[in-house]
Amino acid sequence: MARRLSPGLIRAALYVAGLMPASVAFAMGATGRLGADPVNAFLRMLGLWALRFLILSLCVTPLREIAGINLLRYRRALGLLAFWYALFHLTAYVGLDQGFDFPVLLADVEKRPFVILGMVAFLVLAGLAATSNRWSIRRLGPRWRALHRWVYPAACCAAIHFILSFKVLRPETLAYALAVALLLAWRVLPAGMRRRAALSR
Amino acid sequence: DPLRAAPGALSGTGLTPTPFQDATHYNNFYEFGLEKTDPAERSGDFHPRPWTVRVEGLVARPRTYDIDALLARPLEERLYRMRCVEAWSMVIPWIGFALADLLKEVEPLGSAKYVAFESVLRPAEMPGQDSMLHVLDWPYAEGLRLDEAMHPLTILAVGLYGRTLPNQNGAPVRLVVPWKYGFKGIKSIVRIRLTETRPRTAWNDRAPDEYGFYANVNPAVDHPRWSQATERPIGARGGFFGAARQPTLPFNGYAEQVAGLYAGMDLRRNF
């Protein structure tokens, strides 16, 4: 049964399932069923899902090298879902939370490292999303790979932004930061060590 | 338990109380966990009785008050704004009495300049205190200058919404200082100590650049990570589109009564 599912179908299912948390939360929030502080709850869940999809997209390479599972054909979908959630998160912040108060928003971006980190992560994801199509890949050639390595600093910024969004260090923020750190550490391991790790499976 | 009290002269007018459900299920009380829902969900094993509050330090007559004696005092209802440092706000009908009345009974000495408050330490009943994560130095501690503590707006609350304090709101007795950020309102108090030097306070110890000793609500002085200019009212019905952010008022709307306490002080430095 699973063998007969085409990658295209799985990708479509991934988008539908991936956008489900945002749709459900939006419907609940718009109808007053998202708790005492609905805008804040919505904002946080959108940001968290952006980080989750970002981390999932970073899992694709190590998963292939270590476990031999090839999910490359779904990586773009995961990256794009991360971008969409980052966009929803930013839109919810600008619109629902701050009520499009641009002077306050600009002052925030200007002086708060917490906000700057989030903005940097978003801008990078936007650039990567814009160049994620076949045409850009062909056109940019070898530069495309270099460009898309910007996902690493973006993930760092997102993880630190998540840590700073709470008053104190929390187990879940540390767990996400640790996941990002391990996934990036894998990238800087010498190729020989990566191959050995892969062979020992 | 039901607890009745008539509104006092200093109770706010023209304020709409936050729904009871939200005021008692959206709480910061890290002794029970980091989530807003933790205090209501995880405070069931907490025993607010028997309970005593020791008042000591630089006073002529140190005393230990039993909670029943505190509840038997003349109580009044105070409808106050509550502004959290996280930029959300509520309006809560507290029941309590002026801290000044209690302090006068113990007769502060001339050398007393500050009042230090300490919460109960009960890791067995408070899972947040038992946590591996060392979020704050337990027990929670807060402090006020003596003149702030003696201000008629400063109360010890033993109830809210016509009943005794639920565990998650700081049972059985807590501090309420309406012109300061909510974290100054130390909960489940066991000790009040008058001192000559400024006492340690829990959040100031944790991050002195983010949480000052004074912690007066001030829309002009931002938290390093977010603006304090506006606030999200909690519990407005209608979800996302229920109530927009509202401007935060200097001293949380109590400037007329308390601004004089800080005359000549640089409130940016003494935040």
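The values are calculated or read from the model by the stated rules, or taken from the named source; none is laboratory data. Owing to the predicted nature of the structure, the values given are computational and were not obtained by experimental measurement. Backbone-built Cβ (ideal geometry, glycine too); neighbour counts: all protein chains shown. To get the accessible areas, we keep the full protein, side chains included, count just its heavy atoms, and leave off ligands, DNA and RNA. Shrake-Rupley method; radii C 1.70, N 1.55, O 1.52, S 1.80 Å.
Numbers below:
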| quantity | calculated |
| --- | --- |
| So B:M132, is it more than 23 Å from B:R4 (Cβ to Cβ), open to solvent by less than 20 Å² (accessible area, probe 1.4 Å) and either among the hydrophobic types (A, V, I, L, M, F, W, C) or in a helix (DSSP H, G or I) (or both) | no |
| Options B:V135, B:V176; residue that is more than 27 Å from B:L261 (Cβ to Cβ) and in contact with a Lys or Arg (Cβ under 8 Å, 6 or more places away or on another chain) | B:V135 |
| Subset tally (residues that are at pLDDT below 90 and part of a helix (DSSP H, G or I)) for segment B:229-271 | 3 |
| Hits in segment B:199-228 - residues which are part of a loop (DSSP other than H, G, I, E, B) and among the polar types (S, T, N, Q) | B:T201, B:N218, B:S227, B:Q228 |
| Residues within segment B:143-190 that are in contact (Cβ under 8 Å) with a residue 60 or more places away in the chain, within 15 Å of B:L70 (Cβ to Cβ) and either of a type in the set (D, E, K, R) or open to solvent by 20 Å² or more (accessible area, probe 1.4 Å) (or both), tallied | 3 |
| The listed residue being aliphatic (A, V, I, L, M), surrounded by fewer than 18 Cβ atoms within 10 Å (Cβ to Cβ), away from chain B (no Cβ under 14 Å) and within 30 Å of A:R196 (Cα to Cα), out of A:A77, A:A67 | A:A67 |
| Filter result (exposed (fewer than 15 other Cβ atoms within 10 Å of the Cβ) and farther than 30 Å from A:R73 by Cα) within segment A:7-39 | A:A27, A:T31, A:R33 |
| Output for segment B:14-31, where each listed residue is at negative phi and more than 9 Å from every other protein chain (Cβ to nearest Cβ) | B:L15, B:T16, B:P17, B:F20, B:T24, B:N27, B:F29, B:E31 |
| Unique match (being under 25 Å from A:I66 (Cα atoms), in a helix (DSSP H, G or I), more than 14 Å from every other protein chain (Cβ to nearest Cβ) and out of contact with any Pro (no Cβ under 8 Å at 6 or more places or on another chain)) among A:L174, A:L184, A:L123 | A:L184 |
| From B:A202, B:A244, B:A263, residue being open to solvent by 30 Å² or more (accessible area, probe 1.4 Å) and either touching a helix residue (DSSP H, G or I) at 6+ places or on another chain (Cβ under 6 Å) or within 12 Å of chain A (Cβ to nearest Cβ) (or both) | B:A244 |
| Per-region count, segment A:26-58, residues facing chain B (nearest Cβ under 10 Å) and not in a loop (DSSP other than H, G, I, E, B) | 10 |
| Test result for B:P127, touching a helix residue (DSSP H, G or I) at 6+ places or on another chain (Cβ under 6 Å) and open to solvent by 20 Å² or more (accessible area, probe 1.4 Å) | yes |
| Search result, residues across segment B:228-241 that are charged (D, E, K, R), within 10 Å of chain A (Cβ to nearest Cβ) and either open to solvent by less than 20 Å² (accessible area, probe 1.4 Å) or within 21 Å of A:F166 (Cα to Cα) (or both) | B:R232 |
| Residue within segment A:122-135 that is open to solvent by 40 Å² or more (accessible area, probe 1.4 Å) and under 16 Å from the mean Cα position of the chain (by Cα) present | yes |
| Residue that is farthest from A:K167 (Cα to Cα), among those in segment B:84-105 that are of a type outside the set (V, I, T) and within 14 Å of chain A (Cβ to nearest Cβ) | B:M90 |
| Residues of segment A:86-120 classified as exposed (fewer than 15 other Cβ atoms within 10 Å of the Cβ), farther than 23 Å from B:P219 by Cα and within 11 Å of chain B (Cβ to nearest Cβ), total | 0 |
| Test set (1) over 30 Å from B:R237 (Cβ atoms); (2) in contact with a helix residue (DSSP H, G or I) (Cβ under 9 Å, 6 or more places away or on another chain); (3) assigned to a helix (DSSP H, G or I) - A:L96 fails condition number | (1) |
| Residues that are open to solvent by 50 Å² or more (accessible area, probe 1.4 Å) and touching a residue at least 40 places away in the same chain (Cβ under 8 Å), drawn from segment A:154-175 | A:I160, A:L164 |
| Segment B:205-227, subset within 11 Å of chain A (Cβ to nearest Cβ), touching a residue at least 40 places away in the same chain (Cβ under 8 Å) and under 24 Å from A:V109 (Cα atoms), residue most open to solvent (accessible area, probe 1.4 Å) | B:W226 |
